[in-house]
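**Q** Can you keep this structure in mind? I'll have questions shortly.
The values are calculated or read from the model by the stated rules, or taken from the named source; none is laboratory data. These numbers come from a predicted model, not from an experiment. Neighbour counts are summed over all protein chains in view; Cβ atoms, including those assigned to glycine, are modelled from backbone coordinates with ideal geometry. For accessibility, only protein heavy atoms count, side chains too; no ligands or nucleic acids. Shrake-Rupley method; radii C 1.70, N 1.55, O 1.52, S 1.80 Å.
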Amino acid sequence: MSKLPTDFFFGAAMSGPQTEGAWRRFGKVDNLWDTWSNERIEDFHNRVGSYAGNDFTDRHNEDFAILRDLGLTSWRTSIQWSRLMDADGRVNPEGAAYYHELFADAKKAGLETFVCLYHFDMPTYLFRRGGWDSREVVEAYGNYARAALEEFGGEIKYWFTFNEPVVEPQNRYTFGAWYPFHHDFAEARRVQYGISLAHCLGVAAFRDLQAAGTVRPDAKIGLINCFTPPYTRENPSEADLEAVRMTDGIDNRWWLDLVTKGTLPQDVMATLAERGVDVPVRPGDEQILAQGRVDWLGFNYYHPARVQAPSSDTDEYGNPVFASEYVWPDAVMNESRGWEIYPKGIYDFAMTMKRDYPDLEWYVSENGIGIEGEDSSKDASGAIQDDYRIDFVGQHLQWIAKAIEDGAKCRGYHYWAVIDNWSWNNAFKNRYGFVEVNLSDNYSRHLKKSASWLREVATTHEIAPHSEGFVSESA
Ligand code: BG6
């Protein structure tokens, strides 16, 4: 039996674009999800676009009551830039009233709200002006962050500038998986740099407004990223280790250095320059980057990265390649999502943090398992029998408990997503929830088998082994 500290918190992670719906209500303008849905709805699973979320806007009080009933004490959402601000960069009063009501209702329900300012949801009019590759847009983010902090700084204690800043450079600009479907590694690095500067402007606004008394004195600011620890094969070659260095450098150390030292990793910048990848650093940027240090960190963990030396130096688009995927023969997969399940990765990251960034506190800001076709595991009463979810979460929590025992500064855990929600272009294909959302019955909510297990764990902080489970290395 593993035990988590009594002050360890449990909560629910979600995001505005994946839950709110309320498309074009409360003065919302379009973001890239709306634009992609409008232009190519066939790209979305079952043609379900961005418009309805999981009906959270109209059901949020019911959802808050469910979270409390499950023993959770906090939740994270994101403010949608496209709802809070109008296309002239001014606060949209209807959007502001919308979030004031949401946060007040969460407080009434007894939930602490964590707010993230950006969750892959670039307003379309700003994308048309260059998106993260444009300084004008980076500055617009600074303006938006300042406005949000002025509006809600007296209410909200926990702030985050970005969720998973690695994902847009990859999915939109390198892999061509998300709108606008580019395959340009150099553009992806420029976007990554733009997001880095924007993060720093957000932190700078937070510090100014906290000093001025607009942001509450006990508030903290952080960054959330999916820090997938990179592993390689046994007995690696030098080239394999080089693949690990660059994967770790671009996806992990880039952000960890920024938020702890206010700089970017010089070895990574040097290798990029050697390979002809130009990061557009301007005079004065050093001072901006120096403002990037945060108070704590959010760590989203779903799967590890496994890499090896690239099979070729460039890809079919002429982009430099630093690593190829390594398929570990012992990998256990979540076939619905194509992601490896490796709970020990959470511990390994925790130990890296302890060694390399010992002063930084953090929490697990997302962790979860999305499964397709859960309807087929309903029992006679209609409740989904999701033992795999209990195994998955239980094993990750056991590794977190061990990491804390071994000195990791991990303060809490938010599950993604306690209530099924809209997963981008996968829409409702893979379900993450402890709570089912029934799309055939007006988004009604129903507890799955795992819900009572979660309630027990969140209340007692004890994690009993559920079954041998599906992982090759357990706590
Ligand atoms: C994280 C994101 O990467 O993973 C969430 O912050 C996302 O927005 C979650 O929903 C699960 O991934 P997916 O693609 O299955 O929804």
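**Q** Write out, first by first residue and then by second, each pair whose Cβ atoms fall under 6 Å of each other, whose residues are 6+ apart or on separate chains, and whose first residue, in region 9-21, is within 16 Å of S74 (Cα to Cα) and in contact (Cβ under 8 Å) with a residue 24 or more places away in the chain while the second is within 13 Å of the ligand (Cβ to nearest atom) and among the β-branched types (V, I, T).
**A** A12/V418; M14/T77; G16/T77
**Q** Any residue that is open to solvent by 20 Å² or more (accessible area, probe 1.4 Å), in contact with a helix residue (DSSP H, G or I) (Cβ under 7 Å, 6 or more places away or on another chain) and of a type outside the set (D, E) - is there at least one of those in region 136-149?
**A** The answer is yes; a qualifying residue exists.
**Q** Would you mention how many residues in region 341-356 are of a type outside the set (S, T, N, Q) and open to solvent by 20 Å² or more (accessible area, probe 1.4 Å)?
**A** First, the residues of region 341-356 that are of a type outside the set (S, T, N, Q): 341-351, 353-356.
Going one step further and asking which of them are open to solvent by 20 Å² or more (accessible area, probe 1.4 Å), we end up with 344, 347-348, 351, 354-356.
Matching residues across region 341-356 total 7.
**Q** Taking region 314-338 as the search range and keeping residues that are crowded, with 16+ Cβ neighbours inside 10 Å and within 16 Å of the ligand (Cβ to nearest atom), which one is nearest to the chain's Cα centre (by Cα)?
**A** Selected residue: R337.
**Q** A follow-up question, please. So which residues in region 405-435 are open to solvent by 10 Å² or more (accessible area, probe 1.4 Å) and among the charged types (D, E, K, R), if there are any at all?
**A** E405, D406, K409, R411, K429, R431
**Q** Can you go through F162, F227 and tell me which one is modelled with pLDDT under 95 and either open to solvent by 50 Å² or more (accessible area, probe 1.4 Å) or within 16 Å of the ligand (Cβ to nearest atom) (or both)?
**A** Every option except F227 fails the conditions.
**Q** So, F175, is that one within 16 Å of the ligand (Cβ to nearest atom) and either among the polar types (S, T, N, Q) or open to solvent by 20 Å² or more (accessible area, probe 1.4 Å) (or both) or not?
**A** Yes: the conditions hold for F175.
**Q** Assuming Y363 fulfils every condition listed in (1) away from the ligand (no atom under 16 Å from the Cβ); (2) buried (at least 23 other Cβ atoms within 10 Å of the Cβ) apart from one, which condition is it?
**A** (1)
**Q** Given the residues I221, I195, which is the only one that is in contact (Cβ under 8 Å) with a residue 24 or more places away in the chain and assigned to a helix (DSSP H, G or I)? Explain how you work it out, then say what you get.
**A** On the way: I221 fails: assigned to a helix (DSSP H, G or I).
When all the criteria are applied, what remains is I195.
**Q** Which ones in region 366-378 are open to solvent by 60 Å² or more (accessible area, probe 1.4 Å) and more than 15 Å from the ligand (Cβ to nearest atom)?
**A** If the condition is that a residue be open to solvent by 60 Å² or more (accessible area, probe 1.4 Å) and more than 15 Å from the ligand (Cβ to nearest atom), then D375, S376, K378 are the ones that fit.
**Q** If I ask for residues that are part of a strand (DSSP E or B), over 28 Å from L4 (Cα atoms) and away from the ligand (no atom under 16 Å from the Cβ), which ones from region 405-445 would you list?
**A** Of all residues in region 405-445, those part of a strand (DSSP E or B) come to 410-415, 419, 430-431, 435-438, 444-445.
If we keep only those that are over 28 Å from L4 (Cα atoms) as well, we get 430, 437-438, 444-445.
Within region 405-445, N438, S444, R445 meet the criteria.
**Q** Sticking with this structure for a sec: Where residues in region 258-312 are among the β-branched types (V, I, T) and open to solvent by 50 Å² or more (accessible area, probe 1.4 Å), which of them is farthest from the ligand (Cβ to nearest atom)? So that I can check it myself, show each step before the final result.
**A** In the first step, residues of region 258-312 are kept if they are among the β-branched types (V, I, T); the result is 259-260, 263, 268, 271, 277, 279, 281, 288, 294, 307.
Subsequent filtering for residues that are open to solvent by 50 Å² or more (accessible area, probe 1.4 Å) retains 263, 281.
Working: T263: 26, V281: 28 Å.
For region 258-312, the residue satisfying everything is V281.
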